[in-house]
1. I want to make sure I understand the PRE zone here: with the label point 7 angstrom from the Cα of SER149 toward its beta carbon, which residues in the stretch 80-102 have backbone N atoms less than 12 Å away?
2. Going by Cα centres, the stretch 76-106 and the stretch 303-331 are how many Å apart?
3. Choose one answer from SER281, SER189, SER160: the residue with the largest mean-square fluctuation in a GNM of the chain with alpha-carbon springs under 10 Å.
4. If a/c stays under 1.5 just call it rounded; otherwise compare a/b with b/c (prolate if a/b is bigger, oblate if not). Do that for the stretch 9-148, with a ≥ b ≥ c from the square roots of the Cα gyration tensor eigenvalues.
5. GNM, the chain, Cα, under 10 Å: largest mean-square fluctuation among ASP143, ASP114, ASP98?
6. Work out the FRET efficiency for ARG197 and ARG262 from their Cβ-Cβ distance, taking R0 = 22 Å, and round it to the nearest 0.05.
7. For every helix of n ≥ 4 consecutive DSSP H residues, a contribution of -39,500 (n - 2.57) applies; sum these over the chain, divide by its total residues, and give [θ] at 222 nm rounded to the nearest 500 deg cm²/dmol.
8. PRE reach from ASP187 (point 7 Å along Cα→Cβ): which of the stretch 251-282 fall under 12 Å by backbone N?
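Here, each number is a calculation from the coordinates, and none is a lab measurement. Bear in mind the structure is a predicted one, so any value in this text is a computation, not a measurement. Cβ sites come from the backbone with ideal geometry, for glycine too, and all protein chains shown count toward neighbours.
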Amino acid sequence: MRWIALAALLAASACAQAAPRAKPYRPEVWLCTASAEELLKQAEWPTVLRGIAGIKLYVGLLYENKPGVLQRLVKMVKAHRLKVAVELGCCLDFGPMDETNGEWSARSELGAIDHWYAAGGKVDYLDLDGPVRRLLFPDNRKDGKCFVSMEAAADQVVRSVRAFHKAHPEMRFWHLTNFPNWGYLGDVSYHARGPKRQDYGEYDDAHRMVASKLRAAGIPLAGVTIDNPYDYLIGERFSVNLKPATSVNWLKRVRSYEDRCRSEGLEVNLIVNSERGGGTSDALFATETLAMVDTYMKAGGRPTRWIVQGWYACPKAIVPETDPTTLTGLVKAVIERVRGAAATGVGG
């Protein structure tokens, strides 16, 4: 009997050794705000400064003319060894609507990035904010000009990225999408507008074209950034044409896109915020952003980065981190949530 037990033990041990070990989930938390001067009050958010992996800056901030602001931000970033990403348009919808748009746009935005480098900084990532949409459906034009081909628009993304890469070969690239405003894998967009009920179009096509063309150009994407606020994620945002909006499982769709991107070897960044909270109060923004984190983790989500990002009227207060309704107070809670979940295997 002892020999049988020993054989069983040896067999179990062999199976355990043969089975691949699950890769530990070590998520990063990032912060993004346009209120740069508030971030310089380092004494008011020391825990968050130690806990975040990076900050994302809007390109407009890099045109900052107030003396010393960028230099102080660079000093803070270096002192805490933070990574830096810059969100920008990549292909600007107020630029020329022809084959020169990509290079023209890159030159325009490199002017802002040069200010950061002149202050002693370095950019690790550029977050390309909806460049295909900007060319197909420009917001800032009165002449009606636009690109009519998604493939031609994607070609301009390549031209722009190539120009960025030539100027700063150390930078890597993320492709950001406003996910609810696209259809996906044949299904409708959140508002179900347009002849195909997909608003901007089929995002599977936009994703594939941009990723494949950049890969062919030798400048592959490092990852993607998903912009899908909490109220859209759970179907509580008003929809123009879907009654009710919950007729589509939006959470499942985002999770599917995350899994798809990871299977392609891409990093996945999830922006966590609330449009409803952003238009109501600091407290509601914080409550619903944390609810988004909990909901997404419960659904098995495991993004590479959780980016707590605001562009709404709220939160108005950025510091101190001791107030749970400020932006840094919220980031502190997000850090605790995702690290606690990673330690217990939730979302892994």
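1. Residues passing the 12 Å test: 99.
2. Between the Cα centre of the stretch 76-106 and that of the stretch 303-331, the gap is 23 Å.
3. Its mean-square fluctuation being the largest, the pick is SER281.
4. Here the stretch 9-148 falls in the oblate category.
5. Ranking ASP143, ASP114, ASP98 by mean-square fluctuation puts ASP143 first.
6. 0.20
7. -13500 deg cm²/dmol
8. 251-258
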